[in-house]
């Protein structure tokens, strides 16, 4: 299978620890979607998500990751959590080759429009986008998205240190 990875899943080396066959195919774009922070995290902050959009210029940048079908359960089993689902999507690489991929999307019951991501999580997503060499304009859009300081200072320092 091919996964369109965005946000935390763009850390392919970490992904390989769970899915050894994971192979980074390169940068890709997912048209017809917007990148947002609206998935309710366990820490009651917003996490990354992609949502379908009818805006003409709607586009999410990420990575295509190829993996063996028999390792699918290593990273997604619907019985673990009802928060995320994989849905089919058409993606394009930098040469406009089309790929049939799957993308993680947050289920409607787990979406919250009143939460913000924590500062360390926002910084992590920016770092991963830069490391993946995503377009600078796209990274700038994410950088401008609002976030809040994590009130748990111990967690905040631990997460910032791991960046």
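The values are calculated or read from the model by the stated rules, or taken from the named source; none is laboratory data. Bear in mind that the values here come from a model prediction, so they are computed numbers and not experimental data. Cβ placement follows ideal geometry from the backbone for every residue including glycine, while neighbour counts extend to all protein chains displayed.
Can you tell me which of (1) part of a strand (DSSP E or B); (2) under 27 Å from residue 156 (Cβ atoms) is the one residue 102 doesn't meet?
Residue 102 satisfies all of (1) part of a strand (DSSP E or B); (2) under 27 Å from residue 156 (Cβ atoms) except (2).
List the residue pairs whose Cβ atoms are under 6 Å apart, where the first residue sits in the range 103-121 and is at pLDDT 95 or above, the second is in a helix (DSSP H, G or I), and the two are 6 or more positions apart or on different chains.
Within 6 Å, the pairs are 120/156; 120/159; 120/160.
Looking at (1) surrounded by 13 or more Cβ atoms within 10 Å (Cβ to Cβ); (2) over 18 Å from residue 39 (Cα atoms); (3) touching a residue at least 60 places away in the same chain (Cβ under 8 Å), which is the one condition that is false for residue 133?
Among (1) surrounded by 13 or more Cβ atoms within 10 Å (Cβ to Cβ); (2) over 18 Å from residue 39 (Cα atoms); (3) touching a residue at least 60 places away in the same chain (Cβ under 8 Å), residue 133 violates only (1).
Can you run down the residue pairs with Cβ atoms below 6 Å, 6 or more apart or on separate chains, where the first is in the range 140-163 and touching a residue at least 12 places away in the same chain (Cβ under 8 Å) and the partner is in a loop (DSSP other than H, G, I, E, B) and surrounded by 10 or more Cβ atoms within 10 Å (Cβ to Cβ)?
Pairs that qualify, where the first residue is touching a residue at least 12 places away in the same chain (Cβ under 8 Å) and the partner is in a loop (DSSP other than H, G, I, E, B) and surrounded by 10 or more Cβ atoms within 10 Å (Cβ to Cβ), are 146/116; 147/116; 147/117; 148/116; 156/150.
Testing residue 16 on (1) in contact (Cβ under 8 Å) with a residue 12 or more places away in the chain; (2) surrounded by fewer than 17 Cβ atoms within 10 Å (Cβ to Cβ); (3) farther than 24 Å from residue 145 by Cβ, one condition comes back false. Which one is that?
(1)
All but one of (1) loosely packed, with under 14 Cβ neighbours inside 10 Å; (2) under 25 Å from residue 123 (Cα atoms) hold for residue 95; state the number of the condition that does not hold.
Against the list (1) loosely packed, with under 14 Cβ neighbours inside 10 Å; (2) under 25 Å from residue 123 (Cα atoms), residue 95 comes up short only on (2).
Could you grab me the full set of residues in the range 116-143 that are touching a strand residue (DSSP E or B) at 6+ places or on another chain (Cβ under 9 Å) and closer than 14 Å to residue 11 by Cα?
Matches in the range 116-143: 121, 125, 129, 132, 133, 134.
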